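Read the figures in this text as sums done on the coordinates, not as results from a lab. Quantities reported herein were computed from a predicted structural model and do not represent experimental measurements. Cβ placement follows ideal geometry from the backbone for every residue including glycine, while neighbour counts extend to all protein chains displayed.
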Ligand SMILES: Nc1nc2c(ncn2[C@@H]2O[C@H](COP(=O)(O)OP(=O)(O)OP(=O)(O)O)[C@@H](O)[C@H]2O)c(=O)[nH]1
Ligand SMILES: [Mg+2]
């Protein structure tokens, strides 16, 4: 069982230079995807908080780059001995790609800045790219995913909003589209698995308490 030991908002930034500076090598996991796909909601689900990252029905809610520090803890029993393992990482909530309410120029400019940020930010070791399960074939997603594959970082694909699909549609999606996880922030389906995967594979190990 994995517990949320601690979670707090670090800061917001509008550009690379405003990003936090850590006193040791901290792994950041950046959450990417189209506007309204559920990036902020997925962060909230992963850390069991309702409104840590602000989510909204209105696309374009997240306008800044937001950094959240997360410590996860796992209790391991080895005979008589209990060991608590703590692992730490930072989730980076990013503005959505393809937000339609700004002009094409503004959109392009902002997206270039965003892409510059995710390429240059060395602390980001992993991308989580979210795709709306109801729209699995969008050109925009395909384009961004192939771009992300050219950057030398680990890429995790997750389909969101599974609750909007019937069981049969979920089956079809899984047959047709390969991804790491299929989740719902509404029903919390798949969330424990993502948290466990993150704990075991992505962050840096910080302590062991006996
Ligand atoms: N049914 C359902 N709704 C979801 C799910 N995840 C998010 N939502 C809803 O989708 C809307 C957008 O969610 P956000 O988490 O704000 O999306 P975002 O990707 O952060 O959006 P931007 O910050 O605008 O880019 C909100 O109304 C959420 O409640 C899900 O798994 N299922
Ligand atoms: Mg958001």
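Ordered by the count of other Cβ atoms within 10 Å of each Cβ, fewest first, 126, 24 give 24, 126. Rg/Rh for the stretch 139-210 (Cα atoms only, Rh after Kirkwood) is 1.06. Think of it as helices only: each DSSP H run of n ≥ 4 in the chain is worth -39500 (n - 2.57), and spread over all residues that comes to -8500 deg cm²/dmol at 222 nm. Across the chain, the convex hull enclosing all Cα atoms gives 131 Å³ per residue. What angle do you read, to the nearest 10 degrees and between 0 and 90, between the alpha-carbon axis of helix 167-176 and the longest principal axis of the chain? Roughly 80 degrees, rounded to the nearest 10.
Extending 7 Å from Cα along the Cβ direction at residue 135 and again at residue 57 yields two label points whose distance is 1.7 nm.
Hey, for a label at residue 109 modelled as a point 7 Å past Cα toward Cβ, could you say which residues of the stretch 4-36 have their backbone N under 15 Å away? Residues 15 fall inside that zone. Annotation: peptides 2-9, 33-40, ranked by per-residue average of other Cβ atoms within 10 Å with the highest first, follow the order 33-40, 2-9.
Taking the longest Cα principal axis of the chain as reference, the axis of helix 191-201 is set at about 70 degrees. Roughly what angle does helix 104-120 make with the longest principal axis of the chain, taking Cα atoms, 0 to 90 degrees, to the nearest 10? The angle comes out at about 30 degrees. Please work out the FRET efficiency for the pair residue 81 and residue 174, using the Cβ-Cβ distance as r and a Förster radius of 35 Å; give the result to the nearest 0.05. Efficiency computed from Cβ-Cβ geometry: 0.30. Convex hull of alpha carbon positions in the stretch 126-178: directionally averaged projected area 3.6 nm². Of all DSSP beta bridges confined to the chain, the antiparallel ones make up roughly 60%.
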